[in-house]
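Below is one structure, written out as structure tokens; comments come after it.
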Ligand code: ADP
Ligand code: ZN
Ligand code: ZN
């Protein structure tokens, strides 16, 4: 008989992650097994072999998988548990696929591959230097800061080629599904076997992919979103995180981990190279990279020598003379759209609000349509004749008269992508106009319509951030930004940074080839640093500006943050709980922990609940980890290193 500590992937008892079982078979760390827990049977992971304990033990029911999960992944799950103060059961759930013990019909997962003509390229000096640096420096994490179009993807491909050649697998993380078909197309020119992990894959497809990776005997290239980091491959030589500033690399639910930190840790465990690539790294990540003393890689020039910079015009939204032709499409933008469509080329219009109108109000009495559960304004979706809450998805019909004073003077203010799409259809009835945002169904997404975007079949693409990022469209000539400053209204320490990034990214969609291109940026705040530096794509100045501001105000990277939110169905309970915990923390936490609050959360009411918040700041992260242990397990949500305090 042998004895093993097994960690179930469900919480059994707070504070205890693993339990001892017997087995008459020899197992190793990472074996997935079925174990009895009380009356239940749970999936668990063998953590280690142990000596015969003094207490009675039950036998393992059966082995789920004959091939163990790589120990590096199990170590990663343990690290995530400790670093984010999350039970191991939860981090194991994160690294393992769902439905491990279900019987499945075998089904083939075939990635869609768009082949593209390819010319052989010669690396420029900066690309060659970056490749050389990553290949010859000590293994570890590298920040690759390269302007849009500087040829980062080619650098990733070359590094991947070298890794595969030396027999080690490669993991490429891309921010979201919108980008996968483009990057697969690029990688598939070079690598015959690519394993793709989508967020839209079914549970059984995911499981199949997972099994394939686990059984692989040859080095693999894996491409996917955040969770592709947990693909069970034994020998990883390279991990790339493309567009590493993207918010989707931070998981929104527990464990609220950063894929960048997790990749660095996994890289260390595999002795792999980790490359974090972006034109606009988060100031915190750039700061961390500088502090680490590791080489920084920079690509400052467009990869293609014949690249022509776009002509950028800034239109002041407060100067209404610019809008004599249309309420929110400036004369300048309309003129550019006319010219672009006349020559059969493509335009892209960016706006980061969904729906048709953001406010519905009564002109007679001032009543506004609000979500009955969240108390935020409902967004009009005119195509479906509904008002919808963008927090909880509550829906109601558009009122024909005011529910408060019965007048019929209902008006709509503010505009989203659906309204912009409609207005453009009126202006250009013959154009092929496509809208891309979170209201798309599966056949309408960037990924689904990527060929039409690439071939220029779509004349005007209107959309939210899904079209602002990463796309490389050969027919694109004009980019319009409807309101560059709209994200600045959110009272958050990261708002300016996100506004700057989005603007740099959307401008980066053009100026990638030898064609003349135009960018029209409309803004109510044309002198705001996020806008002016975003337009110049001047990352270094924006970094200096932000670092100075954060240092002064005490925000990351100068302090660590812990956001605590309590959720109750009554307001008084939420306030009371928040006050009690604040008192407790003020008494017990380290003196170098600053406790802000309690305050109502920014979205104070969500789905019939009340939310109150405490924000803890400390120059030492471990003081926050210790404080986290005091937080009650029920009613409280916690987040270490939040990227937003909203
Ligand atoms: P990034 O990912 O940095 O935005 P890409 O890798 O998409 O940039 O490269 C931009 C364009 O330049 C692509 O069309 C790519 O094929 C091309 N390119 C990259 N490196 C070179 C090079 N050394 N010579 C010529 N063209 C290149
Ligand atoms: Zn009214
Ligand atoms: Zn709601």
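The values are calculated or read from the model by the stated rules, or taken from the named source; none is laboratory data. Small disclaimer: the values here were computed from a predicted structure and weren't measured. Positions of Cβ are generated from backbone atoms using ideal geometry, with glycine treated the same way; all protein chains shown enter the neighbour counts.
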Subject >> Count of residues meeting criterion [within 24 Å of residue 344 (Cα to Cα) and in contact with a strand residue (DSSP E or B) (Cβ under 8 Å, 6 or more places away or on another chain)] in region 438-464 >> reply: 14
**OP:** Report the residue count in region 120-146 for those that are within 11 Å of ligand 1 (Cβ to nearest atom), buried (at least 21 other Cβ atoms within 10 Å of the Cβ) and not in a helix (DSSP H, G or I).
**Re:** 3
Original post:
Within region 336-424, which strands (runs of 3 or more DSSP E) (wholly inside it) include 2 or more residues that are free of Cβ contacts under 8 Å to residues at least 12 places away in the same chain, within 16 Å of ligand 1 (Cβ to nearest atom) and closer than 30 Å to residue 453 by Cβ?
Top reply: none
Original post:
Residue check, residue 556 against (1) in contact (Cβ under 8 Å) with a residue 24 or more places away in the chain; (2) over 30 Å from residue 501 (Cβ atoms); (3) surrounded by fewer than 21 Cβ atoms within 10 Å (Cβ to Cβ), all met but one. Which one?
Top reply: (2)
Original post:
Say we look at region 359-375 and pick out the residues that are within 16 Å of ligand 3 (Cβ to nearest atom) and surrounded by fewer than 20 Cβ atoms within 10 Å (Cβ to Cβ); which of these is modelled with the lowest pLDDT?
Top reply: 375
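Identify all residues within region 404-432 that are more than 16 Å from ligand 2 (Cβ to nearest atom) and either within 22 Å of residue 367 (Cα to Cα) or buried (at least 18 other Cβ atoms within 10 Å of the Cβ) (or both); write none if there are none. Don't jump to the end; show me each part of the working.
Start the filter on region 404-432 by keeping residues that are more than 16 Å from ligand 2 (Cβ to nearest atom), which leaves 414-432.
Selection gives 414, 415, 416, 417, 418, 419, 420, 421, 424.
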**OP:** Answer yes or no: is there a residue in region 438-449 that is at pLDDT below 90, surrounded by fewer than 22 Cβ atoms within 10 Å (Cβ to Cβ) and closer than 17 Å to residue 518 by Cα.
**Re:** no
Original post:
If we keep just the residues of region 220-251 that are closer than 27 Å to residue 148 by Cα and in a loop (DSSP other than H, G, I, E, B), which is farthest from ligand 3 (Cβ to nearest atom)?
Top reply: 242
**OP:** Would you point out the residue of region 1-46, among those that are on the phi < 0 side of the Ramachandran plot and in contact with a helix residue (DSSP H, G or I) (Cβ under 7 Å, 6 or more places away or on another chain), that is surrounded by the most Cβ atoms within 10 Å (Cβ to Cβ)?
**Re:** 45
**OP:** Go through (1) closer than 20 Å to residue 186 by Cβ; (2) part of a loop (DSSP other than H, G, I, E, B) one by one and return the number of the condition residue 454 breaks.
**Re:** (2)
Original post:
How many residues are buried (at least 19 other Cβ atoms within 10 Å of the Cβ) and part of a helix (DSSP H, G or I) if we restrict to region 613-646?
Top reply: 4
**OP:** Could you check residue 354 against (1) away from ligand 3 (no atom under 16 Å from the Cβ); (2) more than 27 Å from residue 407 (Cβ to Cβ) and say which number it fails?
**Re:** (1)
**OP:** Answer with yes or no whether residue 435 is more than 16 Å from ligand 1 (Cβ to nearest atom), closer than 19 Å to residue 483 by Cβ and either modelled with pLDDT of 90 or more or part of a loop (DSSP other than H, G, I, E, B) (or both).
**Re:** yes
Subject >> Criterion (buried (at least 21 other Cβ atoms within 10 Å of the Cβ), over 26 Å from residue 258 (Cβ atoms) and either more than 27 Å from the chain's Cα centre (by Cα) or without any contact (Cβ under 8 Å) to a residue 40 or more places away in the chain (or both)) met by exactly one of 522, 579, 518 >> reply: 518
Original post:
Within region 260-335, which strands (runs of 3 or more DSSP E) (wholly inside it) include 3 or more residues that are buried (at least 17 other Cβ atoms within 10 Å of the Cβ)?
Top reply: 273-278, 311-316
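Please give the helices (runs of 4 or more DSSP H) falling wholly within region 486-573 in which 3 or more residues are out of contact with any strand residue (DSSP E or B) (no Cβ under 9 Å at 6 or more places or on another chain) and closer than 30 Å to residue 585 by Cα.
Numbers: elements: 495-507, 529-536, 539-553.
By residue number, 539-553.
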Subject >> Which numbered condition residue 247 misses (of (1) surrounded by fewer than 24 Cβ atoms within 10 Å (Cβ to Cβ); (2) within 20 Å of residue 77 (Cα to Cα); (3) touching a helix residue (DSSP H, G or I) at 6+ places or on another chain (Cβ under 9 Å)) >> reply: (2)
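Conditions tested, residue by residue: (1) within 16 Å of ligand 2 (Cβ to nearest atom); (2) touching a strand residue (DSSP E or B) at 6+ places or on another chain (Cβ under 9 Å); (3) in contact (Cβ under 8 Å) with a residue 40 or more places away in the chain.
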{"residue": "272", "(1), (2), (3)": "no, yes, yes"}
{"residue": "289", "(1), (2), (3)": "no, yes, yes"}
{"residue": "293", "(1), (2), (3)": "no, no, no"}
{"residue": "296", "(1), (2), (3)": "no, yes, yes"}
{"residue": "300", "(1), (2), (3)": "no, yes, yes"}
{"residue": "304", "(1), (2), (3)": "no, no, yes"}
{"residue": "307", "(1), (2), (3)": "no, no, yes"}
{"residue": "310", "(1), (2), (3)": "no, yes, yes"}
{"residue": "324", "(1), (2), (3)": "no, no, no"}
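Taking region 384-403 as the search range and keeping residues that are more than 24 Å from residue 606 (Cβ to Cβ) and surrounded by 13 or more Cβ atoms within 10 Å (Cβ to Cβ), which one is nearest to ligand 3 (Cβ to nearest atom)? Before the answer, list the steps.
Applying the first criterion (more than 24 Å from residue 606 (Cβ to Cβ)) to region 384-403 yields 385, 400-402.
Now drop any that are not surrounded by 13 or more Cβ atoms within 10 Å (Cβ to Cβ), which leaves 401-402.
Working: 401: 23, 402: 20 Å.
Here the residue is 402.
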